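The structure under discussion appears below in the form of structure tokens.
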Amino acid sequence: MNYIVLDLEWNQSNTGKEKEVDELPFEIIEIGAIKLSEECKMMGEFSELVKPQVYRKMHRVTSQLIHMQMQELERGRPFPEVEERFLEWCGEDYLFCTWGTLDLTELQRNIRFYRMEPLAGKPIPFLDVQKLFSIAYEDRKSRRALEYAIDFLHIEKDIPFHRAFSDAYYTAKVLTVLKRDKPQVFSNVSYDLFHPPKCREDEVRVQFDTYAKYISREFKNKTEAFSDREVVSSKCYLCRCNLKKKVKWFTPNGRHYYCVAYCDRHGYLKGKVRVRKTEDDRVYIVKTTKLISEEDAREIEQRRLHARELRRRRKKAKDTEGTA
């Protein structure tokens with residue numbers, strides 16, 4: 001398997017009035033990539049400009065950031081041609097790697113706009129190198145700029161930043177250092193959810209070093225989702241035992257849901273569910289489970305009681321208005 005380290009540059013509307021804005025808010029104007037072997041040895045590079053078809057004027061912020069003018073883009077090829085050449089260059093067995101989470105989503109949005117064959121009709125695994133850097137060297141939550149990581153790792157800055165190829169090149173440099181010094185972080189695979197799972201067979205179940213993640217298939221609505229046994233179940237991801245809940249599922253905001261369960265062998269576990277909407281107004285579930293302390297469990301119970309009290313007050317206020 002090879003690593004395809006990908007970076008994109010895109011343009012957008014200056015006015016927001018173009019009819020394609022909703023379908024294609026960001027039009028890709030440059031694709032840059034580095035191909036690495038599984039040992040992170042350089043195997044090839046890809047760099048092509050894309051001739052704009054939708055936004056024919058360069059957004060001022062984009063122009064300032066990447067130092068590119070529309071006249072230069074006119075020398076590029078149309079997106080479908082560049083994308084076909086890019087996928088042919090990628091080969092057969094590879095894993096995408098990007099700095100952050102946006103590139104694969106926008107690549108697939110551009111592919112759909114041109115009615116091309118999708119990369120996949122389900123979630124795509126990839127390595128978010130920005131996240132891996134945080135896991136390896138910081139607090140797992142912070143997200144640094146690429147240039148910060150280059151400076152932190154004392155990597156030579158020999159070409160300018162903020163072009164697709166140069167940012168792919170530097171991301172590949174960071175990935176190579178991680179492979180050499182922190183190879184354990186490579187198990188932290190991310191999933192692009194531009195196409196959520198359509199069926200149970202495509203659902204994602206993955207265990208990391210500190211938590212487990214489950215990405216469900218699509219449901220008609222939240223009610224149907226929370227009627228599914230796997231969505232609401234609590235299971236210890238270390239010993240696979242089904243657990244009884246200490247704090248049943250509750251929500252403080254209607255989007256995130258929490259519960260607490262207890263494993264006799266491993267202690268308290270927190271379940272967190274995020275309800276995600278699809279573009280056709282269906283929903284799917286992203287559930288994470290992780291070990292927590294007894295103090296954390298008590299804090300979640302207090303949040304549940306607080307959320308219940310807020311609901312009680314809102315109901316009382318509504319009832320009062322109705323009888324006024």
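State all residues of segment 236-269 that are of a type in the set (S, T, N, Q) and either more than 26 Å from Arg312 (Cα to Cα) or part of a strand (DSSP E or B) (or both); if no residue qualifies, say none.
Asn242
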Quick check: is even one residue across segment 275-294 surrounded by 16 or more Cβ atoms within 10 Å (Cβ to Cβ), assigned by TED's automatic domain parsing to the domain that holds Leu238, in a helix (DSSP H, G or I) and at pLDDT 95 or above? no
Here are some residues: Lys198, Lys235, Lys157. Which one is out of contact with any helix residue (DSSP H, G or I) (no Cβ under 9 Å at 6 or more places or on another chain) and over 24 Å from Phe126 (Cβ atoms)? Lys235
Please verify whether segment 219-240 includes one or more residues that are under 30 Å from Gln302 (Cβ atoms) and under 18 Å from the mean Cα position of the chain (by Cα). no
Out of (1) under 19 Å from Ile124 (Cα atoms); (2) modelled with pLDDT of 95 or more, the one Leu178 does not meet is (1)
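Yes or no: segment 186-205 includes at least one residue that is over 29 Å from Asp228 (Cα atoms), modelled with pLDDT of 95 or more and under 20 Å from the mean Cα position of the chain (by Cα).
The answer is yes; a qualifying residue exists.
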With Lys245, Lys213 as the choices, which residue is closer than 17 Å to Tyr268 by Cα and within 23 Å of the chain's Cα centre (by Cα)? Lys213
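Phe194: in a loop (DSSP other than H, G, I, E, B) and surrounded by fewer than 19 Cβ atoms within 10 Å (Cβ to Cβ), yes or no?
No; evaluated as a whole, the condition is false for this residue.
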Condition broken by Thr223, with the remaining ones in (1) surrounded by 20 or more Cβ atoms within 10 Å (Cβ to Cβ); (2) without any contact (Cβ under 8 Å) to a residue 12 or more places away in the chain; (3) among the β-branched types (Val, Ile, Thr) satisfied: (1)
Looking only at residues in segment 295-321 that are over 11 Å from Pro252 (Cβ atoms) and in contact (Cβ under 8 Å) with a residue 40 or more places away in the chain, which one is surrounded by the most Cβ atoms within 10 Å (Cβ to Cβ)? Ala297
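The values are calculated or read from the model by the stated rules, or taken from the named source; none is laboratory data. Please read these numbers as outputs of a predicted model, since none were measured by experiment. When we count neighbours, we look across all protein chains shown, and the Cβ atoms used for this are built from the backbone with ideal geometry, even at glycine.
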